[in-house]
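Computed from the coordinates by the stated procedures, all read-outs in this text should not be read as laboratory data. The model shown is predicted, which means the values in this text are computed figures rather than measured ones. Cβ atoms come from the backbone with ideal geometry, glycine included; neighbour counts cover every protein chain shown.
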Amino acid sequence: MSYGNRFDNGLEMLISGTYYDSEGRHRLYYSEFDDPATNNGVAENADDAEAESLFARLSFGDFTLVGAYCESEKGVPTASYDAVFNDPRTRTWDGHWYLDLKYQHLMESGTEVTARLFYDRYWYYGEWIWDYAEEGDPPDIEIFKDDADGKWWGAEALVTRELFERHRFILGAEFRDSLQR
């Protein structure tokens with residue numbers, strides 16, 4: 001769903017959101033697991049996915065504010081990284097959001113000034129079901145938890161000017177700081 005408008009006072013806005021929910025295929029066949037001990041290579045009810053996102057943009061005069069958010073969850077039926085085949089508990093979650101504020105002004109002289117400030121965050125979490133039992137022994141199931149989290153911010157400034165007919169002069173600086181990796 002999306003909505004956008006340009007108001008009489010000069011404010012422009014766009015907002016858009018999505019939602020996705022799928023049970024996936026109920027039965028998936030993988031020949032490399034075609035054995036009675038692994039359900040004859042059939043993964044059942046382990047391929048679901050859910051995702052949501054939101055995007056917004058506001059502009060007024062020389063200022064633009066943009067923000068976005070997305071998050072997803074996914075069942076992993078393929079026994080990745082030696083996880084137990086056909087176990088619906090093996091799944092991943094991830095998300096990302098950011099804010100970006102920009103000022104951009106074109107002066108009468110033809111010089112353009114741009115300044116920008118931004119903040120980003122990305123995170124990931126996974127649960128992988130592993131069986132540490134020796135062949136023939138009863139299952140020794142453990143859940144391996146995997147995660148990552150990153151946060152960073154930055155700023156930049158640019159001055160741009162056309163020189164002569166085919167040359168553009170650009171002077172700028174950028175700063176980034178990783179708050180968490």
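Determine, for each peptide in 66-79, 24-37, the mean count of other beta carbons within 10 angstrom over its residues, then list the peptides with the highest first.
Ranked from most to least packed, the peptides come out as 66-79, 24-37.
Could you give me D for the chain, from Stokes-Einstein at 25 °C and 0.890 mPa s, where the hydrodynamic radius is the Kirkwood radius over C-alpha pairs? Units µm² s⁻¹, please.
118
To check my understanding: the extent here is largest minus smallest coordinate of the Cα atoms along each principal axis. What are those three numbers for segment 101-178, in Å, largest first?
That gives 80, 24, 15 Å along the principal axes, largest extent first.
How would 20, 124 line up from fewest to most surrounding beta-carbon atoms within 10 angstrom?
20, 124
Sorted from fewest to most neighbouring beta carbons within 10 Å, what does the list 145, 102 look like?
Fewest to most other Cβ atoms nearby, the residues stand as 145, 102.
Can you give me the pair-distance distribution of segment 66-113, C-alpha pairs, 5 Å bins, whole percents?
Taking all Cα pairs of segment 66-113, the binned fractions are 5, 15, 13, 9, 9, 9, 8, 7, 5, 5, 6, 5, 3, 1 percent.
Which of the GluC sites (Glu not before Pro) found in segment 87-181 are loop residues per DSSP with 15 or fewer other Cβ atoms within 10 Å of their Cβ?
108, 134, 135, 165
Cut-off is 10 Å between beta-carbons; in what order do 107, 13, 1 appear when sorted fewest neighbours first?
Listed from fewest to most nearby Cβ atoms, that is 1, 107, 13.
Which distance in nm do the two modelled labels at residue 134 and residue 44 give, with both placed 7 Å along the Cα-to-Cβ direction?
Those two pseudo-labels are separated by 3.1 nm.
Over the Cα atoms of segment 38-84, how large are the radius of gyration and the largest Cα-Cα distance (Dmax), in Å?
Answer for segment 38-84, Rg first and Dmax second: 19.7, 63 Å.
Could you let me know the centre-to-centre spacing of segment 1-36 and segment 143-167, using Cα atoms, in angstrom?
With segment 1-36 and segment 143-167 each reduced to a Cα centre, they are spaced 26 Å.
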